[in-house]
Amino acid sequence: MIEVRNLSKSFGSTKAVDNMSFEVSPGTVTGFLGPNGAGKSTTMRVIMGLDHPDSGQALIFGKPYSKIANPLHQVGALLDARAFHGGRSAYNHLLFLAQANGIPARRVDEVLETVGLSSVAKKRAGTFSMGMGQRLGIAAALLGNPEILLFDEPINGLDPEGILWVRNLLKSLASEGRTVFVSSHLMSEMAQTADYVVVVGRGRLIDSAPISQFISKSAQRYVVVRSPAIDTLEGLLKQSGADVAQGPDNTLEVTNATCAQVGELAGANSIVLHELYFHEPTLESAYMELTQDDVEFHAKSSNDMTFPADKRN
Amino acid sequence: MEATLATNRNQTNSTFHTSQPFTNTLQSELTKFRSVKSSFWSLIVANGVTIVLSAIICEAVVNRWNKRSLSERILFDPTTRSLTGIVLAQLAIGVLGVLLISAEYSSGTIRATFAATPNRTKVLTAKAVVFAVITYITCLISVLIAFGVGQAIFTQVGVGASIGQPGVLRVILMSALYLTIGGLFALGLGTLVRHTAGGITAFVVMMLVLPGIVGALPSPWSSDIGRYLPNAAGLAMTSVIKQHAGGDMLGPLGGLAVFCGWAALALVVGGTRLVTRDA
């Protein structure tokens with residue numbers, strides 16, 4: 001159980017975290033979503049006792065991190081994939097962490113085995129690829145067999161096999177009743193992994209809800225219809241009381257009507273349809289809608305870029 | 001792969017310690033110290049310089065012995081003179097002291113360290129203890145070797161000291177201590193600056209540049225201030241005879257106290273910053 005209460009933290013004049021409150025419960029994978037600069041990493045660092053908040057607090061089992069003796073037994077974290085000395089071996093990196101918390105050295109071998117780094121355990125960690133670095137960071141998080149796990153962008157730099165492995169790992173950790181809190185900017189990945197989402201933008205909490213509930217808040221649910229006689233169809237649909245918007249490439253986006261209604265209307269008027277489907281909102285589209293105003297560094301015309309991409313599925 | 005994950009989970013959790021023993025932190029810092037090459041090489045350089053440079057200087061002294069005046073010969077301190085290499089060795093120890101903490105910041109290891117041991121004072125204390133003990137033991141060995149080599153060289157001109165003579169053992173012990181305290185001073189500066197190049201610069205400025213600047217002040221300020229600077233205080237610990245012109249230097253115990261004061265100041269200010277700032 002992680003509790004963040006009215007947390008605020010500024011760097012100079014920038015409010016990185018602004019009065020943020022949420023809870024992360026055991027037994028679930030909770031996704032921590034937000035644009036770059038939304039305060040995700042800062043929040044995680046405050047939870048880990050690395051950064052001091054200006055006000056508010058972050059508690060783990062009711063205690064601030066700094067008050068936990070041998071914290072690796074309770075909390076494991078991957079905050080920064082390259083947070084190791086390049087000249088030190090993976091084994092020794094994990095060994096000094098284990099020793100600090102009275103964890104037996106054999107556990108180091110176990111976690112190296114778990115993440116698949118046994119064969120390179122004695123090599124200098126500086127020679128590791130990004131993906132191997134991530135695996136070492138995950139090994140460090142698992143070291144104390146903790147009830148609470150925090151992962152900041154754990155799949156960065158992993159190959160498809162590694163991504164699948166992390167996804168299954170996170171799920172299995174949660175299924176064992178552990179609290180798993182994972183930040184990511186990869187929505188499709190989070191949609192497959194998370195049960196619950198905490199969405200933030202510009203340091204503020206936007207929403208904290210089960211993932212299905214969050215997605216259902218999206219307005220991006222409509223019927224897409226493509227036809228060579230699109231103008232005729234548009235007129236007919238409007239007459240029947242549906243809300244119609246023009247989409248790209250001779251398509252219409254129809255709300256207030258089902259696929260069946262649109263299809264029957266077209267059939268009754270002998271209009272040929274090339275495509276007809278219901279557009280389900282995705283985590284990505286829901287996220288984009290809700291964080292639109294909170295992205296700190298907008299690329300110009302980012303909206304034109306993102307929504308058509310949805311339609312590929 | 002996940003099969004090994006949940007092994008003896010309950011066992012691990014049932015063995016929660018209510019405190020984090022300092023010996024665990026020490027062990028952890030020892031592992032860190034011995035698992036990077038920079039520790040090894042810094043110690044090799046420091047101890048090599050102590051032995052080799054000291055021997056070279058002893059040879060130079062012997063070669064020019066005939067050009068020395070009688071009073072110079074009487075005031076000659078064969079013990080201290082056989083250990084001159086420590087002044088340069090101090091730089092290598094200083095670099096190591098800075099690196100011990102600055103490399104953690106530059107690599108990001110510091111966050112893993114503090115995640116495992118949130119008590120940052122404990123981390124810095126353990127680091128200082130491990131570093132001080134290893135530095136003192138290795139430097140004591142090289143100082144003893146340098147002393148032996150130096151006295152062997154000095155027999156050519158019929159001078160020399162032996163460990164049994166008054167003050168000699170003290171100088172040997174204090175010379176290793178000079179290197180150790182200097183290293184701790186550097187560790188404190190590194191903790192304060194958190195940056196390798198910046199920390200080394202700060203150390204060199206405090207040890208070598210500042211004395212030059214203060215020495216350029218009008219007398220008596222130059223000597224009144226100069227003797228309290230870290231390197232002068234440290235070297236005062238290592239003299240058998242108060243030889244430097246007119247007793248400019250502090251006595252050995254005064255030097256020890258002042259040099260320790262500098263190291264303690266750097267560690268306390270650096271440690272305070274370590275605790276209060278974000279990692």
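Here B:Lys32 is the anchor, and the lysines within straight C-alpha reach of less than 20 Å, apart from those fewer than 8 places off in the same chain, are A:Lys122, A:Lys123, B:Lys122, B:Lys127.
Cα to Cα, under 25 Å, and not fewer than 8 places away if on the same chain: which lysines meet these conditions relative to A:Lys40? Cross-link targets: A:Lys9, A:Lys15, A:Lys63, A:Lys67, A:Lys171, A:Lys217, A:Lys300.
Solvent-accessible area of the stretch A:38-90 (1.4 angstrom probe, protein heavy atoms only): carbon and sulfur portion equals 50 percent. When +1 charges are put on Lys and Arg Cβ atoms and -1 charges on Asp and Glu Cβ atoms, the dipole computed for the stretch B:22-276 relative to its Cα centre reaches about 340 debye. With protein chains left intact and a 1.4 Å probe, residues in chain B average 43 Å² of accessible area per residue.
Other protein chain C-beta atoms within 10 Å of residue C-beta, averaged over A:100-108: 5. Roughly what angle does helix A:130-142 make with the longest principal axis of chain A, taking Cα atoms, 0 to 90 degrees, to the nearest 10? Rounded to the nearest ten degrees, it is 70. For the stretch A:186-242, with all protein chains in place and a probe radius of 1.4 Å, 48% of the accessible heavy-atom surface sits on carbon or sulfur. The mean sequence separation of alpha-carbon pairs under 8 Å and at least six residues apart, normalised by the residue count of the stretch B:22-276, gives a relative contact order of 24 percent. Short to long, the 10 Å bins of the Cα pair-distance histogram for the stretch B:22-276 hold 8, 30, 33, 20, 8, 2, 0 percent of all pairs. Here's the picture: charge each Lys and Arg Cβ at +1 and each Asp and Glu Cβ at -1 in chain A, and of A:Ser55, A:Ile211, A:Asn269 the one pushed furthest to the positive end of that dipole is A:Ser55.
Excluding ligands, DNA and RNA and using a 1.4 Å probe, chains A and B jointly bury around 3900 Å² of accessible surface, summed across both partners. Name the residue from A:Gly34, A:Trp165, A:Gln292 whose Cα lies farthest towards the positive end of the charge dipole of chain A, charges +1 on Cβ of Lys and Arg and -1 on Cβ of Asp and Glu. So the residue furthest toward the plus end is A:Trp165. Across chain B, the longest piece that holds none of the trypsin sites (Lys or Arg not before Pro) lying in DSSP loops with up to 13 other C-beta atoms within 10 Å covers B:65-276. Dividing the Cα radius of gyration of the stretch A:9-83 by 2.2 N^0.38 Å, with N the residue count, gives 1.13.
Restricting the calculation to alpha carbons of the stretch B:104-225 gives Rg and Dmax of 19.5, 60 angstrom.
Think of the stretch B:121-279 as having a plus end and a minus end, set by charges on the Cβ of Lys, Arg, Asp and Glu; of B:Val157, B:Ala132, B:Gly182, B:Ala132 sits farthest toward the positive end of this dipole. Given +1 at the Cβ of Lys and Arg, -1 at the Cβ of Asp and Glu and no other charges, the dipole of the protein assembly as shown around its Cα centre is 3120 debye to the nearest 20. Probe radius 1.4 Å, ligands and nucleic acids ignored: give me the carbon and sulfur share of the accessible area of chain B as a rounded percent. The computed percentage sits at 70.
By the helix-only formula, in which each DSSP H run with n ≥ 4 contributes -39500 (n - 2.57) and the sum is divided by residues, the protein assembly as shown has a 222 nm mean residue ellipticity of -16500 deg cm²/dmol.
If you roll a 1.4 Å probe over the heavy atoms of the protein chains, what accessible area per residue do you get for the stretch A:2-209, in Å²?
Value for the stretch A:2-209: 33 Å² per residue.
In the stretch B:97-125, the residues that give up 20 Å² or more of accessible area when the other protein chains are added, compared with the chain on its own (1.4 Å probe), are B:Ala103, B:Ser107, B:Thr109, B:Arg111, B:Ala112, B:Ala115, B:Ala116, B:Pro118, B:Arg120. Rounded, prolate or oblate for the protein assembly as shown? Axes are the square roots of the Cα gyration tensor eigenvalues, ordered a ≥ b ≥ c, and the cut-off for rounded is a/c under 1.5. Prolate shape, in that a/c is at least 1.5 and a/b is the bigger ratio.
If you model the stretch A:222-279 as an ellipsoid using its alpha carbon gyration tensor, with each semi-axis the square root of five times an eigenvalue, the axes come out at 13, 13, 11 Å, biggest first.
Among the chymotrypsin sites (Phe, Trp or Tyr not before Pro) within the stretch B:31-134, not one is in coil by DSSP while having at most 16 neighbouring Cβ atoms inside 10 Å.
Overall, the stretch A:222-279 carries a charge dipole of about 80 debye about its Cα centre when +1 sits on the Cβ of Lys and Arg and -1 on the Cβ of Asp and Glu, all other atoms neutral. Of all the stretches in chain A, which is the longest one without any exposed loop site, taking chymotrypsin sites (Phe, Trp or Tyr not before Pro) in a DSSP loop (any state but H, G, I, E, B) with at most 15 other Cβ atoms within 10 Å? My reading of the result: A:62-296 is the longest stretch.
Give me the Kirkwood hydrodynamic radius of the stretch A:171-248 in Å, from all C-alpha pairs, to one decimal place?
When all Cα pairs of the stretch A:171-248 are included, the Kirkwood radius is 16.2 Å.
Shown here are the Rg and Dmax of the Cα trace of the stretch A:2-209, at 16.4, 47 Å.
The mean accessible area for residues of the stretch A:224-264, using a 1.4 Å probe and ignoring ligands and nucleic acids, is 52 Å² per residue.
The values are calculated or read from the model by the stated rules, or taken from the named source; none is laboratory data. Being a predicted model, the structure only gives us computed values, none of them experimental. Cβ coordinates were reconstructed from backbone atoms using ideal geometry, including for glycine residues, and neighbour counts include every protein chain displayed. Areas reflect the complete protein model, heavy atoms only, side chains present, ligands, DNA and RNA absent. Shrake-Rupley method; radii C 1.70, N 1.55, O 1.52, S 1.80 Å.
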